[in-house]
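We did not get these values from a lab; they are worked out from the coordinates using the rules stated. Everything numeric here is computed off the predicted structure, so don't read it as measured data. All Cβ positions, even for glycine, are placed from backbone atoms using ideal geometry, and neighbour counts span all protein chains on display.
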Amino acid sequence: MSFITDHILTWVTFLPLAGALLLWTVVRREAQARIFAMAIALADFVLSLHLWFHFDTGRGDDQFVERVAWLFNGQISYHLGMDGISLVLVMLTTFLGPLVVLSTWRAVTERVAGFLGFVLFLQAAMLGTFFARDMLLFYVFWEAMLIPMYFIIGIWGGQQRIYAAVKFFIFTMVGSVFMLVGIIYLYLQAGSMNLTDFLNLQIGHEAQLWLFAAFFLAFAIKVPLFPLHTWLPDAHVQAPTAGSVILAGVLLKMGTYGMLRFAMPLFPEGVAYFAPYINILAVIGIIYGALVAMVQPDVKKLVAYSSVSHLGFVVLGLFSLTSVGIAGGVFQMLAHGLSTGALFLLVGVIYERRHTREVSEFGGLAHGMPLYATFFMIATLASIGLPGLAGFVGEFMILFGAFSSQAVAHARLMAILAATGVVLGAIYMLWMYQRVFLGKLKNVKNEGLPDLSLREMAVLIPLVVFMFWLGVRPGLVLDRLGPSLEKVTAPLNIQADDHHILQSSTTATDNPVFVIRNTEGQ
Amino acid sequence: MESHTTEMMLRWIVVVPLLGAALNGLLNRRLPRQVAGLLACTAVGISFAMSVLVFLRLAGMPAEARFLSDTVTTWIGFGNLQVDLGFAIDPLSAVMALIVTGVGFLIHIYSLGYMAHDKGSPRFFAYLNLFIFAMMTLVLGENLLMLFVGWEGVGLCSYLLISFWFTDEANAAAGKKAFVVNRIGDFGFLLGMFLIGSTLLPHLGAGEGLFNFQVLQHHTGTLAPLATAICLLLFVGATGKSAQIPLYIWLPDAMAGPTPVSALIHAATMVTAGVYMIARLNFLFVLSPAAMTVIAVVGAVTAIFASTIALAQNDIKKVLAYSTVSQLGYMMLACGVGAFAVGIFHVMTHAFFKALLFLGSGSVIHAMSDEQDMRVMGGLRRKLPVTFWTFIAGTLALAGIAPLAGFFSKDEILWKTWSSGHTLLWAVGFLAAGLTAFYMMRLVVLTFFGENRASAEVKSHIHESPATMTIPLVVLAILSIAGGWVGIPHFLGGGAQFEQWLEPVFAQHAVAAEAGHGAVAQVAGHAVEHGAEHSDTTMEWILAGASLTWGLLGLLAGYLVYARKVGIATTFQKLGGGWPHRLLLHKYYVDEIYEGAIIRPGFRLSRTVLWRVVDMGIIDGILVKGSALVVAVVGSVLRLFQNGLVRFYAWSFTLGVTVFVLYLSFSG
């Protein structure tokens, strides 16, 4: 087995790609294609389990590294590696893979092999993005994610799929172009595309600000951060269920992952300069996303706007510049992947039955579909951060981090404002739940709808199990993140939990409120 | 070994009801209804039995050493942020544990009868067990974050149970309202926790769990400068859960849930969580005289405010609901004047008599074919003798008539308020006590006396409830009568054992307070004990006599107005053109004010301004679509797409990338 384990990252990344190619060429019959895609997705998950169990928790550097010189005498290399941050996101990706494939069983009936091929292709690109430690390689994977998603929305999407697909494509492209310019600039400085070489560069203050802005823009669009979010509701509403699940589950996290992996450690001065403003945008996103979600007549659009709100939390956590906040941010990426992934799957369930997602079409669904109502309730509670479920840990750490941040101006105020999201989340989710599931079964079209099938339960149960598991045992993830976060954020002046660094640099006071005010006054 | 077993019992006290909930939830309708109920009762019964064992173990220990803890594992551990998943018990949580599992057990039994005909009963019992699990987490959690887990958990159960009969949209709306209003409180609670955490984190020693109650107590000095902010934020949380002004509005609506739920969650246990939290953190609260004053004032105002609303309600459960709000106000008042032990004493006696009253009202509603309007009741005294007599016991206890339970706790609260120098607050509490007696007598008369005003159809079905329902009533009646005797104050020749039992929990604060703020020590109840003891005792006698007389007068007035001289009641309603009555009937229009001032404008802002104008109009319309580049690109790509050669594009893309990669690979 050593030919696999020695190149495990390559296997994990390219197995789905190989599957995609075979789906487009050989395995084209519908029934075969489904089983084949499922097998590939499962196999990839099993392979990734090797990463999970052989990951050295105590280390923060890259593990399972593969590096082969590729172009220009090794200035550009095929360089994969995985630290704790990549690990948890990779596990999320491979875990969602089979569930996504299984969810398409009834939902996708046209050009099935083509669709599943794109799903696997997308998975490969996402995994590659998490593993890449060479900036060109990263950029290739990053861009490669666009194509399959573009087709998934554009071909298998709803009424206005083309508009949504193109909007998605252009938004992301625009951001990426700026990042590409930044990458090339850094390459010319470093003489290599290696991330480590980039990190070792001494970049001037001015340049850091510009470069940070370029990278950040690309990532902020992907997140999406307010006010760059308007592609997301369209993309979600038009995308088929599987597309939405991948989009919300993993693709959005590319933005926050990119910030943490590249934009933040490469340009600490950019971070220091922009962090207060970014936090403001994050908080606007949290509140604005929630308020707009509240008034959506379409369930899927509501969930889409809720993502804007939730990802605002992640960004706030990262730019709290505290170790707790950043860890909470990464944790929230997972929690959101599980809860919002589940919500999109659940919306898909009712869409398959009724071909509508308008809240006003429903009401009283809990009568005929008790299982469905129960799963929806659990996903709702996970989404609004009920303790015991994963979302709480992330939100708590993020808000706590931001609240206690002394490194970023107004961070405490931002945390207080962001905490209103806790109230707003309950309002829009429970109100939607009430209108869809409770009350009398008013609409005759909803009578006799079948409850969840075994297949649908099989898709949802793993998600629910992990919502609880991570909610009760967050250490599963946090233990693996600690050393890696420490290493990644080393270039930044991070407020560690024992914050000796900060106390020496600012006036030592017991009360952080005064610390912030004092520094502002100067 | 033996000691270890008792400690491990803590986790099982919490987990057994969870197992009951899981079994009932997963098997659901596959379980016969009776089995579901018995399963749930057994789970809570086991919890109760274990709570008694642990209590006895504590009682056998020297007073200062009464503490057991059971740490299961680390919950959130990241750097210095260490929060354990663990449980602990001391005299305070032991009392709460006994109340929750004990009263909970009785109400589970009652529910066997009450829910016998409901086909959703496995779901009901699952929720009820889940509630006990959450409430016990709240009570036994060893740190503030665990308490918060329980805090949110009971909120969830409350939501699920209020909207249990979800076919009626009003019930569903009431459930959501309860959850959302509680979340507003939780917003304050969270910020309070953050303030504690961020202040404390730099000062923690190795192995000290952040938020652990003992650690917090150990570091009170560090928190002292921020005590007012911390305590007020936490108190916001308490106003949500314990239904104080301005967040009390959810509790009356919560009566939409099945009556056993009103008794257990919305009267006896969950709503007292705010009081428990303040008592639990008494060492922090005493550091802030300002926060204590706010709590006392809010408590007193809530007590009188809610009791005036109760005067005019026609729904039997609404009267009891506002009465609960009012009584919670008394508990807060007690905490606010530093008499935490007395506040908890009232938590206990109130749990007995209010659970009794709610269950009694349930028995009435059951007999009246689900009618809740007292205007069509009457004369049930003879048909429901057990319900009637137990209800009378509860009423007298609530009205504060000696020697029933409510007398001792309520009188003690008023006394502590007076003796700590809060004469005005005492007067408010005193006034509310009279109103309480009055509205309770009104309720009793309208329900049990006179002629029955129901339709013949309903009348023919009136019957006393089955034994599963009446036995809990009798047990609670006994507790409502005698439950206060554990706290008979010294001046009446009692031993005040209840206060003594809680002393180890609340004694340290006096020390902490003296070290830091001398002024606070006076606020704390203990400080008053010495000094002019003799004149105090005289005063205590006078006040107790006054409040007893006042309560009896209230009852008498209620009886006269509603049973004898009914004309007076109608005169009351027409007083001042009828608007004072309308004001009370419509609960001072507070819901309408919130609706008009916050909710509707909020929705309008979100829908018309944020979504339509900002999102679709400005951001998307002008910034995005307005860009000529975008339009051009969209157009050209659209045309390509419409050729329907999708596969061709997919292939050409893949091919292109492959060729490019190969080219680069071999050319380099």
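Using the 10 angstrom Cβ neighbour count as an exposure proxy, how do B:Val236, A:Val245 rank, fewest first? Don't skip to the answer; put the middle values down first.
Numbers: B:Val236 21, A:Val245 29.
Lowest to highest Cβ neighbour count: B:Val236, A:Val245.
Peptides A:196-208, A:150-162, B:540-552 ordered by packing proxy, namely the average of other Cβ atoms within 10 Å per residue, highest first: A:150-162, B:540-552, A:196-208. Region B:119-138 to region A:389-461: how many Å between their Cα centroids? What the calculation gives is 22 Å, centre to centre.
Measuring r between the beta carbons of B:Leu585 and A:Arg28 and using R0 = 60 Å, the FRET efficiency lands at 0.25.
How shielded is A:165-172 by partner chains, expressed as the average number of their Cβ atoms within 10 Å of its Cβ atoms?
Numbers: counts 4, 8, 5, 0, 3, 7, 2, 0.
Whole-number average of other-chain Cβ neighbours for A:165-172 is 4.
Dipole orientation for region A:79-221: of the candidates A:Ala165, A:Ile153, A:Trp105, A:Trp105 has the Cα lying most toward the positive pole (charges on Cβ; Lys, Arg +1; Asp, Glu -1).
Given the rule -39500 (n - 2.57) for each run of at least 4 DSSP H residues, summed and divided by the residues of chain B, what is its mean residue ellipticity at 222 nm, to the nearest 500 deg cm²/dmol? Don't skip to the answer; put the middle values down first.
Details: 31 runs with 462 residues, N = 668.
Calculated from helices alone, the mean residue ellipticity at 222 nm is -22500 deg cm²/dmol.
Against the main long axis of the alpha-carbon atoms of chain B, helix B:628-642 sits at an angle near 80°. With the cut-off at 1.5 for a/c, could you classify region B:1-106 from its C-alpha gyration tensor as rounded, prolate or oblate? Oblate, since a/c reaches 1.5 and b/c is not below a/b.
Using the Cα centre of region A:273-522 as the reference point, and only Cβ charges (+1 on K/R, -1 on D/E), how large is the resulting charge dipole? Debye, rounded to the nearest 20.
Values: 15 positive and 14 negative charges, 129 e Å.
Dipole about the Cα centre, nearest 20: 620 debye.
Over the residues of chain A, the helix contribution to mean residue ellipticity at 222 nm works out to -23500 deg cm²/dmol, using -39500 (n - 2.57) for each DSSP H run of at least 4.
Measure off 7 Å from each Cα along the Cα-to-Cβ vector at B:Ala170 and A:Leu188, then give the distance between these two points in nanometres to one decimal. Between B:Ala170 and A:Leu188, the simple spin-label model gives 7.4 nm. From the alpha carbon centroid of region B:170-226 to that of region A:164-208 is 42 Å.
Taking chain B as the reference, fit the longest principal axis to its C-alpha atoms, fit the long axis of helix B:169-200 to the helix C-alpha atoms, and give the angle between the two in degrees, 0 to 90, nearest 10. With both axes taken from Cα atoms, the answer is about 80 degrees.
Within region A:273-522, how many Lys pairs that are eight or more residues apart, or on different chains, come under 23 Å at the alpha-carbon? Let's see the in-between values first.
On the way: A:Lys300/A:Lys440; A:Lys300/A:Lys442; A:Lys300/A:Lys445; A:Lys301/A:Lys442; A:Lys301/A:Lys445.
Summing the qualifying lysine pairs gives 5.
Loop only by DSSP, 14 or fewer other Cβ within 10 Å of the Cβ. Give me the trypsin sites (Lys or Arg not before Pro) in region A:35-132 that pass, ordered by residue number.
Values: sites: A:Arg59, A:Arg67, A:Arg106, A:Arg111; in loops: A:Arg59, A:Arg111.
Sparse-neighbourhood loop trypsin sites (Lys or Arg not before Pro): A:Arg59.
If you count, for each residue, the other Cβ atoms within 10 Å and average over each peptide, how do A:71-81, A:285-295 line up from highest to lowest? Walk me through the numbers before you get to the answer.
Values: A:71-81: 18.5, A:285-295: 25.2.
The densest-packed peptide leads the list: A:285-295, A:71-81.
Counting Cβ atoms of other protein chains within 10 Å of each residue's Cβ and taking the mean over peptide A:362-374 gives 2. Positive end of the dipole of the protein assembly as shown (Cβ unit charges, origin at the Cα centre): among B:Leu39, B:Leu138, B:Thr269, the Cα lying farthest that way belongs to B:Leu39.
Taking neighbour Cβ counts within 10 Å as the exposure measure, how do B:Phe148, B:Phe87 sort from fewest upward?
Details: B:Phe148 23, B:Phe87 28.
Ranked by crowding around the Cβ, least crowded first: B:Phe148, B:Phe87.
For chain B, which span is the longest to avoid every loop-located (per DSSP) member of trypsin sites (Lys or Arg not before Pro) having at most 13 other Cβ atoms inside 10 Å? Excluding the exposed sites themselves, the longest stretch runs over B:120-564. Loop-located chymotrypsin sites (Phe, Trp or Tyr not before Pro) in region B:345-384 (DSSP state other than H, G, I, E, B) with a sparse environment of at most 11 neighbouring Cβ atoms within 10 Å are absent. Axis angle, to the nearest 10 degrees, between helix B:646-667 and the longest C-alpha principal axis of chain B: 70 degrees.
For region B:124-189, just say rounded, prolate or oblate: build the C-alpha gyration tensor, square-root its eigenvalues into a ≥ b ≥ c, call rounded for a/c under 1.5, and beyond that prolate if a/b exceeds b/c, oblate if not. Spell out each step's value before the answer.
Details: a/c = 5.41, a/b = 1.48, b/c = 3.67.
Oblate, since a/c reaches 1.5 and b/c is not below a/b.
Taking a ≥ b ≥ c as the square roots of the eigenvalues of the Cα gyration tensor, chain A is classed as oblate, since a/c reaches at least 1.5 and a/b does not exceed b/c.
Ranking A:Gly337, A:Gly388, A:Gln406 by how far each Cα lies toward the positive end of the dipole of the protein assembly as shown (charges on Cβ) leaves A:Gly337 at the top. Charges were assigned to the Cβ only: +1 to each Lys and Arg, -1 to each Asp and Glu. The resulting dipole of the protein assembly as shown about its Cα centre is roughly 3700 debye.
Cα centroids of region A:225-261 and region B:249-323: 44 Å apart.
Quick one: order A:Trp105, A:Trp24 by neighbouring beta-carbon count within 10 Å, fewest to most.
Result, fewest neighbours first: A:Trp105, A:Trp24.
Mean per-residue shielding of peptide B:188-197 is 4, counting Cβ atoms of other chains within 10 Å of each Cβ. In a simple Cβ point-charge model (Lys, Arg +1; Asp, Glu -1; nothing else charged), region A:341-428 has a dipole of about 60 debye relative to its Cα centre.
Counting other Cβ atoms within 10 Å, which trypsin sites (Lys or Arg not before Pro) in region A:410-493 have at most 16 and lie in a DSSP loop?
A:Lys440, A:Lys442
Listed by chain and number, the lysines whose alpha-carbon sits under 21 Å from that of B:Lys317, ignoring those within fewer than 8 places in the same chain, are B:Lys176, B:Lys177, B:Lys241, B:Lys354, B:Lys383, B:Lys459, B:Lys587.
Computed over neighbours whose Cβ is under 13 Å from that of A:Gly348, the net charge equals +4, Lys and Arg +1, Asp and Glu -1.
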